[in-house]
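Below is one structure, written out as structure tokens, with a few remarks after it.
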Amino acid sequence: MAERAESFSLLTDFSLLIDGEARQALEHLHVINPAYGEPFARCPAAGQAELDEAVAGARRAFESWRRTSYEHRAGLIRELAAALREHQDPLAELLTREQGKPLNQSVAEIDRGAAQSEGMVGIEIPVETLIDDEQRHIELHYRPLGVVGIITPWNAPVNLALGPLVSALYTGNTIVLKPSPYTPLTTLKLGELLGEIFPAGVVNVLAGGDDLGQSMTEHADIDKISFTGSVATGKKVFASAAGTLKRVTLELGGNDPAIILDDVDPKAIAKRVFFASFVNSGQVCMAIKRIYAHESVYDELCEALVEQANAAVVGNGLDPATQLGPIQNRMQFDKVVNVLEETRQSGARILCGGEVPDEPGYFFPPTLVTDIAEDSRLVRDEQFGPIVPILKFSDLDDALRRANDTRYGLSGSVWTSDTEKGAEIAAQLEVGTAWVNQHRATSAYVPFGGAKESGYGRQYSILGLKGYMEPEVVSVAK
Ligand code: NAD
């Protein structure tokens, strides 16, 4: 119980970053290690006064930052990527302690964030010539928006901050970044690195509660909100941003279907399908959340997935053997337990897992469910935890109809030995990203975001970068 002993001496070496200065605050957040359910750290929590200072600093810094070149900004972002790699080990350990995920996945999250940052600054945003004839020359320019507020969730705090942060900075905006109150620590440490690299005011990092997020969406001097989180909060952000017609990018929840065709070898795909469903204990926006398997491979797939689940090591993320860590917070743990109970009471069959250990920490075994109604909560809603339904189909059109019968539309996948057929079927999924024989593959050069209620706008790629800019037509009469 190392963390319990440590709770008497909380880690407190954390600061906000406001206008280039490391700052404390009157209020604090206590951060819980989900492997023990005990607080292990305390950090300052910003209120309205700190937010106003940060926004004012970002506004002042914008005037000179917007005039710097793409090359200059790309150079500083590459320095950031190098600093992330240099500090990867302590950052990853802190990320595991506050978030719960296995250490190798924390390392991978930081590494991926660094690589995607470098990828994005390789993208050019040229001035586009729209018309050039005898009478006129018309160009489309893109200019930065101003101050961007970035609000992130608790499941992948580093990666989900870096995507919008790098997009905003590279395109000439300044930022105020707010992590989830459940996982503020690694982001505050990221703020220390950012403070050493970028001029004062260009990047501000404020830990704080949900009310701070709401204040950001209402703030008259913030020009855009880039929000990653739940659909319910995303709708509040959208409504609140309307007051000042802020630009918004919303990266929201998903209920991703995976459609498994009759021509696959279930044993060959089971490991990939399992980890695409259960990685980070299912707390991934684009995890597989519903598996639709053709009746001819259904039983064999169920068996192979159960084998994976029984072999998966659940435990403290700092233990090198761990493959699946705890659920990140008590509220989410209670929600998943509640979904399990409802599922059990409905008469559905719990194939494996389903027994929550009576021990400290928010541990929940990987749980697979069959014989479940299509209109059950587990199938209809985003569970965001390690419990996944496997549903049977006999007719492909019926599978597609059921896969698309949802207000979510983040991503989905089709699994088949015929990739051409797979691509045709994937294109019929009503989602932002449809994969074939893979799930969760992303890149700095490929737009990512949700259809329907899973989001608004895109991150990454030139499409994502343009979301941080205002298009401006320059029309010259000859
Ligand atoms: P959440 O919506 O509860 O909170 C996200 C952030 O919003 C936190 O920083 C929170 O403090 C802040 N917030 C809360 N109320 C607010 C308000 N009224 N105004 C402004 N900000 C407010 O989400 P969560 O529980 O932290 O994260 C889990 C959700 O995030 C899941 O639904 C998951 O699918 C989604 N997610 C989506 C993506 C994606 O890229 N599409 C990625 C990761 C997670």
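Key figures
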{"item": "Residues (touching a residue at least 60 places away in the same chain (Cβ under 8 Å), open to solvent by 60 Å² or more (accessible area, probe 1.4 Å) and within 14 Å of the ligand (Cβ to nearest atom)) located in the stretch 434-460", "result": "Arg440, Tyr456, Arg458"}
{"item": "Any hit, the stretch 322-331, residues being under 19 Å from the mean Cα position of the chain (by Cα), surrounded by fewer than 23 Cβ atoms within 10 Å (Cβ to Cβ) and either farther than 16 Å from Tyr362 by Cα or free of Cβ contacts under 8 Å to residues at least 12 places away in the same chain (or both)", "result": "yes"}
{"item": "Failed item in (1) open to solvent by less than 20 Å² (accessible area, probe 1.4 Å); (2) more than 7 Å from the ligand (Cβ to nearest atom), with Ala220 passing the rest", "result": "(1)"}
{"item": "Failed criterion for Val203 (all others in (1) over 24 Å from Leu84 (Cβ atoms); (2) over 16 Å from the mean Cα position of the chain (by Cα) hold)", "result": "(1)"}
{"item": "Failed item in (1) outside any loop (DSSP other than H, G, I, E, B); (2) within 16 Å of the ligand (Cβ to nearest atom); (3) open to solvent by 10 Å² or more (accessible area, probe 1.4 Å), with Val339 passing the rest", "result": "(3)"}
{"item": "Which numbered condition Leu368 misses (of (1) part of a strand (DSSP E or B); (2) of a type outside the set (Phe, Trp, Tyr); (3) surrounded by fewer than 17 Cβ atoms within 10 Å (Cβ to Cβ))", "result": "(3)"}
{"item": "Residue pairs meeting the criteria (Cβ under 8 Å; at least 6 apart or on separate chains; first within 6 Å of the ligand (Cβ to nearest atom), in the stretch 227-243; second open to solvent by 60 Å² or more (accessible area, probe 1.4 Å))", "result": "Thr233/Asp210; Lys236/Gln214"}
{"item": "Residue list for the stretch 141-170, filter: buried (at least 24 other Cβ atoms within 10 Å of the Cβ) and hydroxyl-bearing (Ser, Thr, Tyr)", "result": "Thr152, Ser167"}
{"item": "Top-ranked residue of the stretch 223-258 - restricted to ones that are acidic (Asp, Glu) and within 18 Å of the chain's Cα centre (by Cα), ranked as surrounded by the most Cβ atoms within 10 Å (Cβ to Cβ)", "result": "Asp256"}
{"item": "Considering residues of the stretch 281-312 that are of a type in the set (S, T, N, Q) and open to solvent by less than 30 Å² (accessible area, probe 1.4 Å) only, the residue nearest to the ligand (Cβ to nearest atom)", "result": "Gln283"}
{"item": "Filter result for the condition that a residue is within 19 Å of Pro153 (Cβ to Cβ) and of a type outside the set (Asp, Glu), over Ile372, Ile350, Ile390, Ile327", "result": "Ile327"}
{"item": "Positions within the stretch 20-34 being in contact (Cβ under 8 Å) with a residue 60 or more places away in the chain, of a type in the set (A, V, I, L, M) and open to solvent by 10 Å² or more (accessible area, probe 1.4 Å), in sequence order", "result": "Ala22, Leu29, Ile32"}
{"item": "Residue within the stretch 182-195 that is farther than 21 Å from Arg85 by Cα, open to solvent by less than 30 Å² (accessible area, probe 1.4 Å) and within 14 Å of the ligand (Cβ to nearest atom) present", "result": "no"}
{"item": "Selected residue [of a type outside the set (Asp, Glu), within 22 Å of Phe62 (Cα to Cα) and within 9 Å of the ligand (Cβ to nearest atom)] from Ile175, Ile125, Ile151", "result": "Ile151"}
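The values are calculated or read from the model by the stated rules, or taken from the named source; none is laboratory data. For clarity, every value in this text was computed on a predicted model and none was experimentally measured. Positions of Cβ are generated from backbone atoms using ideal geometry, with glycine treated the same way; all protein chains shown enter the neighbour counts. Areas reflect the complete protein model, heavy atoms only, side chains present, ligands, DNA and RNA absent. Shrake-Rupley method; radii C 1.70, N 1.55, O 1.52, S 1.80 Å.
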